[in-house]
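*Asks:* Before I ask anything, here is the structure I am working with.
Derivation of every value follows stated rules applied to the coordinates shown; laboratory data play no part. All values derive from a computational prediction rather than experimental measurement. All Cβ positions, glycine included, derive from the backbone under ideal geometry; neighbour counts span all protein chains shown.
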Ligand code: ATP
């Protein structure tokens, strides 16, 4: 298969978007209706050799069109390479908190640091290049499978694409499609299942290879076998990366280095599964109601 029989213009567009730091985000941002007014400050610099420490210092945030403060004086620290599970009731602000790290929204107060550097002083493109995002609703666009994976890193070669697809357990499936990696997906192409889309987005992230990972764990939609497989791929992906996961599964929560309980009152509890169960507080309650023990 010749992967490179694509209109050259389209590939150039990819490259340009990437240069502007929008790879994987521009279309997502369009889709999410995210404020486009966030721009680089004059002193903004690139992030280099990211270890992946994330810190929130007294962060407060409210949506411009919303009345209420979603996050108020949030303090949080994630060590490089650690996995932190974010749990809490619906509407507590888990997704919001995660979306502040790639700076989809400007915070009202406090600061967010990556490796001790304020994200406001980091070039937006550089910031977002270092963060991988796995959403519940996977965002794929009309084009070939290969283009969709390449979005993670337009400079990648065919070998790297295949390697990423293998890690995401989607390579064999792709080979069985009529045009392999050049198969069109979307409206006029092959329709993919939720699990297949997830895996393509995971392949994209293996290719992107970001030191920081944000996972919004799926609550439903996948069958058991697919779910277990995807879970495995995600575990492999998070290996050695700072990972913040909005967790819905017990296995994820138990495997996390730390659990953060976010409620409407803010971060109410922090610690390991065992520690929080012993404490018999909000986490213990949440855990018992969610997992019906
Ligand atoms: P869930 O577990 O249900 O996904 P969550 O803890 O992730 O909930 P968020 O999605 O972060 O909570 O929402 C926190 C609050 O912010 C909610 O009151 C929600 O209505 C509000 N909110 C979320 N997104 C926006 C937005 N784009 N504009 C205005 N308000 C929003």
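*Asks:* State the Cα centre-to-centre distance between the stretch 245-259 and the stretch 72-99 in whole Å.
*Replies:* Cα centres, the stretch 245-259 to the stretch 72-99: 12 Å.
*Asks:* In which sequence would 120, 67, 254, 48 go, from the one with the fewest C-beta neighbours within 10 Å to the one with the most?
*Replies:* Ranking 120, 67, 254, 48 by Cβ neighbours within 10 Å, fewest first, gives 67, 48, 254, 120.
*Asks:* Could you compute the FRET efficiency for residue 77 and residue 40, with r as their C-beta to C-beta distance and R0 at 22 Å, rounded to 0.05?
*Replies:* 0.30
*Asks:* What full-extension length gain, to one decimal in nm, is calculated for residue 254 and residue 275 as 0.36 nm per residue of separation minus the Cα-Cα distance?
*Replies:* My answer for the length gained is 6.4 nm.
*Asks:* Let me know the shape class of the stretch 229-293, please: from the alpha-carbon gyration tensor, a ≥ b ≥ c as square roots of the eigenvalues, rounded when a/c is under 1.5, otherwise prolate if a/b is greater than b/c, or oblate.
*Replies:* prolate
*Asks:* Could you give the angle, 0 to 90 degrees to the nearest 10, between helix 194-208's Cα long axis and the longest principal axis of the Cα atoms of the chain?
*Replies:* 90
*Asks:* Something else now. In degrees from 0 to 90, rounded to the nearest 10, what is the angle of the helix 8-19 Cα long axis to the longest principal axis of the chain?
*Replies:* Computed tilt is about 20 degrees.
*Asks:* Another one. To the nearest 10 degrees, how steeply does helix 282-291 sit against the main Cα axis of the chain, on a 0 to 90 scale?
*Replies:* Tilt of helix 282-291: around 50 degrees.
*Asks:* A further question follows. List the relative contact order of the chain as a percent without decimals, with contacts defined as Cα pairs under 8 Å and 6+ residues apart. Could you put the intermediate results ahead of the total?
*Replies:* Numbers: 505 pairs, mean separation 68.7, N = 293.
Here the relative contact order equals 23 percent.
*Asks:* Here is a follow-up. Once you sort the root eigenvalues of the Cα gyration tensor of the chain as a ≥ b ≥ c, which label holds: rounded (a/c under 1.5), prolate (a/b larger than b/c) or oblate (the other case)? If you can, show how the numbers build up before the last one.
*Replies:* On the way: a/c = 1.98, a/b = 1.34, b/c = 1.48.
Oblate shape, in that a/c is at least 1.5 and b/c is the bigger or equal ratio.
*Asks:* Let me ask something else about it. Remind me, relative contact order of the stretch 55-177 in percent, using alpha carbon pairs under 8 angstrom and six or more residues apart?
*Replies:* 20
*Asks:* What order do you get for 271-277, 245-251 when each peptide is scored by the mean count of other beta carbon atoms within 10 Å, highest first?
*Replies:* Ranked from most to least packed, the peptides come out as 245-251, 271-277.
*Asks:* Where a ≥ b ≥ c are the square roots of the eigenvalues of the C-alpha gyration tensor, would you call the stretch 143-234 rounded, which needs a/c under 1.5, or, failing that, prolate if a/b is larger than b/c, or oblate?
*Replies:* Oblate shape, in that a/c is at least 1.5 and b/c is the bigger or equal ratio.
*Asks:* Sorting 191, 53 on the 10 Å Cβ count, fewest up front, what's the list?
*Replies:* 191, 53
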